[in-house]
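See below for the structure under consideration.
The values are calculated or read from the model by the stated rules, or taken from the named source; none is laboratory data. Please read these numbers as outputs of a predicted model, since none were measured by experiment. Note that we place each Cβ from the backbone using ideal geometry, even for glycine, and neighbour counts take in every protein chain shown.
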Amino acid sequence: MTNRNSTGTEPVSPREFAELRQAAIDKFEKERRERETKIHGPAAPDLTANDARRSTAIMLGSRIAVAAMGWTGSVLIARSISPDEFGQFSLIFGLLGLLSVVTDLGVGRVVLAKLVECNPWEVSLVTTAFISLRVALGLFGYIVAVGYVWILRYPAEVVEATAVAGLVVVVATPSHALSVMYQSRLRMTYVAIAEGVGQLAQLVATIVAVLWQPILLVLVIPAVINEVVAAVVKVRGVRKGVAGPRPSSRAQFRRWREMLIEAIPLSIGFALVTLLSKVDVLLLGKLDTFDSVGLYTIGYKFADLLQIVAITVVTPVTTLLVSYWPDSVAVFRERSRETFIVLTVLGSASIAAFWPAATGVLTFLYGERFAIAGTSTRLLVLGACFSMLTQLGLMILVASGRHRIYPWIALGGLLFNIVVNIVLIPRMSFNGAAVATVSTELLLFVAIWVVVRQSLPVHRMFPMLPLGAAVALCAVVTVAGTICVERLGVPWPVVSVLAPLGTVGIYALVSLAGGKSPLAMVKPDREVK
């Protein structure tokens, strides 16, 4: 019979067993930590003001190029189809823009704070949940868009075109989640490339559509191509780890509830403001003609350029503000004031350049029949200037966690806008809609900055003196430019070049606030301590 001890195996004592067990646990924990640190992306991203400036410059250049290509495409479309068809085209994309009410919900702004996170494993899980949530929201938005035009019995060609164009929402909604990932690391170069390549693809497709088959159903396809191409470029960067930790393979749907609950105040406010920005187009389509819709929405081509500038400037700054609050209040205030002044100067220069030349620009780009939209376009651009500063105020509230009152501000603005539109559109057509828009934007600007000033325990957040100087200078230069064009016969291109240069140049030379030029902050300098 074989003896069990003949194998050489010694019995293990309870003490030795406990030591071996603890060693195995320690080894497992060490391997787990090593696996977590292998996730791509820094554990604690180094975010500085110079990074924000660099991202702003890159995105600004990209979006100016994107806007130029978008303008070119809209000019080709406006000249190739009838006024009614162009009105239908504008209505469809106005509706899709309105769908950000249900596809965005402001969740990205709340999630941004979680992505600027020290634990890469947590960031990876949050990212996956965020992307999957936006996929679901995009599909829901598509159903809403098609259902809206079908239930309200729009013409068959509008329903069919909406079914195709609505794919923009399906692709763009999760694609924006990828942009938020890049934003959290201030790696906006990939986003700039993606948007530029996508818009170039759209322009090429638009030229082909105009030459081949300039009908509504075909002309909406290039916008879908744009979003698909941009999403592909962003995905490649994410897979390389450029945007921080890669998304996890596990989608924790329980995080949806946490994201949505935390974003509820911002979601409601954002939804109301989005309704506010698009309801004028829908009301104009019901209370007036499709031709009026087409003439009116031309103005948004120019106003949207300022919105692009605002997003480009505010996006990287928001990331900084989130990281600064509440530990570095002095830096928080400094960056907020700097951004306010930069947006003010950009808005002033835009008004000085465009106001005197509006009629000439519209005639040159879109044809003589669009010259009548000069007044409404001027007003929409003016409203966009207020909107830029409102957006900055909102991001300051979000970064500091003081955005719960925002829905009430947005609700008041929406109700005011609807009432004024209903009163003015039957009397003034699309010019009435423009008056309603600029009045509402001014109201929102005042309201949001009153809240910022009253709710944040930070002194001197609002740069009153630089704002007053910019407004006065803008008014003088704009009046002078208008007189030169309308009374003295100076060509509008000359005024459009000299007026903004003069505005920025004079403003840069003005010495305010203890001898420091208001534009001094646009130059990279050392960080505020």
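Brief remarks on what is shown
- Set side by side, the residues VAL170, VAL204 differ, and just one is more than 15 Å from the chain's Cα centre (by Cα), surrounded by fewer than 18 Cβ atoms within 10 Å (Cβ to Cβ) and either modelled with pLDDT under 90 or assigned to a helix (DSSP H, G or I) (or both), which is VAL204.
- Here the helices (runs of 4 or more DSSP H) wholly within segment 351-457 that include at least 2 residues being within 26 Å of the chain's Cα centre (by Cα) and polar (S, T, N, Q) are 374-399, 406-428, 430-455.
- Note on segment 481-496: residues that are in a helix (DSSP H, G or I) and either exposed (fewer than 13 other Cβ atoms within 10 Å of the Cβ) or not hydrophobic (A, V, I, L, M, F, W, C) (or both) total 5.
- Unmet requirement for THR274, which otherwise passes all of (1) in contact with a helix residue (DSSP H, G or I) (Cβ under 9 Å, 6 or more places away or on another chain); (2) more than 17 Å from SER132 (Cα to Cα); (3) surrounded by fewer than 21 Cβ atoms within 10 Å (Cβ to Cβ): (3)
- In segment 231-283, of all residues being among the hydrophobic types (A, V, I, L, M, F, W, C) and not in a helix (DSSP H, G or I), the one that is nearest to THR297 (Cα to Cα) corresponds to ALA243.
- Condition check for GLY413: crowded, with 21+ Cβ neighbours inside 10 Å and under 30 Å from LEU178 (Cα atoms): no
Rundown of residues vs (1) in contact (Cβ under 8 Å) with a residue 24 or more places away in the chain; (2) assigned by TED's automatic domain parsing to the domain that holds LEU343; (3) under 13 Å from the mean Cα position of the chain (by Cα); (4) farther than 30 Å from ALA358 by Cβ, yes/no style:
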{"position": "ASP291", "(1), (2), (3), (4)": "yes, yes, no, no"}
{"position": "THR297", "(1), (2), (3), (4)": "yes, yes, no, no"}
{"position": "LEU306", "(1), (2), (3), (4)": "yes, yes, yes, no"}
{"position": "ILE311", "(1), (2), (3), (4)": "yes, yes, yes, no"}
{"position": "VAL329", "(1), (2), (3), (4)": "yes, yes, no, yes"}
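- Filter result for VAL228 (outside any helix (DSSP H, G or I), modelled with pLDDT of 75 or more, among the hydrophobic types (A, V, I, L, M, F, W, C) and surrounded by fewer than 21 Cβ atoms within 10 Å (Cβ to Cβ)): no
- Qualifying residue in segment 303-319 (condition: charged (D, E, K, R) and within 21 Å of VAL398 (Cα to Cα)): no
- Close contacts from segment 154-178, counting a first residue that is assigned by TED's automatic domain parsing to the domain that holds PRO245 and a second that is acidic (Asp, Glu) and part of a helix (DSSP H, G or I), with Cβ to Cβ under 9 Å and a gap of 6+ residues or different chains, come to GLU157/GLU85; LEU167/GLU227; VAL168/GLU227; VAL169/GLU227; VAL170/GLU227; VAL171/GLU227; ALA172/GLU227; SER175/GLU227.
- Within segment 424-445, restricting attention to residues that are crowded, with 24+ Cβ neighbours inside 10 Å and not small (Gly, Ala, Ser), the residue that is nearest to LEU397 (Cα to Cα) is LEU444.
- Only one entry in PRO463, PRO491 is modelled with pLDDT of 90 or more and not hydrophobic (A, V, I, L, M, F, W, C), namely PRO491.
- Hey, ARG369 basic (Lys, Arg), surrounded by fewer than 22 Cβ atoms within 10 Å (Cβ to Cβ) and touching a residue at least 60 places away in the same chain (Cβ under 8 Å) or not: yes
- Selection count where residues are exposed (fewer than 15 other Cβ atoms within 10 Å of the Cβ) and modelled with pLDDT of 75 or more, scope segment 254-271: 1
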